[in-house]
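The values are calculated or read from the model by the stated rules, or taken from the named source; none is laboratory data. Just so we're clear, the structure is a prediction, and the values are computed from it rather than from any experiment. Glycine also receives a Cβ, built like all others from the backbone with ideal geometry; neighbour counts cover every protein chain displayed. Accessible surface areas use protein heavy atoms only, side chains included; no ligands, DNA or RNA. Shrake-Rupley method; radii C 1.70, N 1.55, O 1.52, S 1.80 Å.
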Amino acid sequence: TVFVRANKTGLSKVAGAIAANEYMSFTVTPNAGASLNLASLTLKAGYTNSGGYTNKRLTQSVLSSVGGFTPDAVIGSITTADTSKNDNTFTSQDLTVDLSGEQFQGIQKAIEFRIYISDDTNQSNIVHRLDDIVLIGTAE
């Protein structure tokens, strides 16, 4: 389980998050002589709100070194519908990113995944949170 906290991005689009390096990342490296065949990446993406700020949109966008780290290379994203729950509890949605495409098969070198965070607020009382990040695949 991975838990990430970030706040006060104030970046309303993934391009701004990329330019500002607002992301968390992890890298998977196959053993020498082995290859990876990936199937999916799942995670819980959400927020805590302790300031009463409602109707805010927080977005988490997944990119990888396979496709590059540009706004056009997003392989999955999720945006909160609202931030009306403001009792500081973790409110989340599940995101599943399909990695069954050819570009994620037979991987023989390190692959980095980045989860960029952007939102339409600059409030420290609304905090992006990620949890339960799971990469599913096989090694050969």
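Scanning segment 77-107 for residues that are part of a strand (DSSP E or B) and farther than 17 Å from ARG129 by Cβ, we see that the one that is least open to solvent (accessible area, probe 1.4 Å) is VAL97.
The strands (runs of 3 or more DSSP E) falling completely within segment 1-60 that include 2 or more residues that are modelled with pLDDT of 85 or more map to 23-28, 36-49.
For segment 116-140, name all the residues that are of a type outside the set (A, V, I, L, M), in a strand (DSSP E or B) and open to solvent by less than 40 Å² (accessible area, probe 1.4 Å).
Listed by number, the residues that qualify are TYR116, SER118, ASP119, HIS128, ARG129, ASP131.
The single condition among (1) out of contact with any His (no Cβ under 8 Å at 6 or more places or on another chain); (2) farther than 18 Å from VAL28 by Cα that LEU58 does not meet is (1).
Yes/no matrix, rows are residues, columns are (1) touching a Leu at 6+ places or on another chain (Cβ under 9 Å); (2) of a type outside the set (Phe, Trp, Tyr):
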site: SER40; (1), (2): yes, yes
site: ALA45; (1), (2): yes, yes
site: LEU58; (1), (2): no, yes
site: GLY68; (1), (2): no, yes
site: LYS85; (1), (2): no, yes
site: PHE90; (1), (2): no, no
site: THR96; (1), (2): yes, yes
site: GLY106; (1), (2): yes, yes
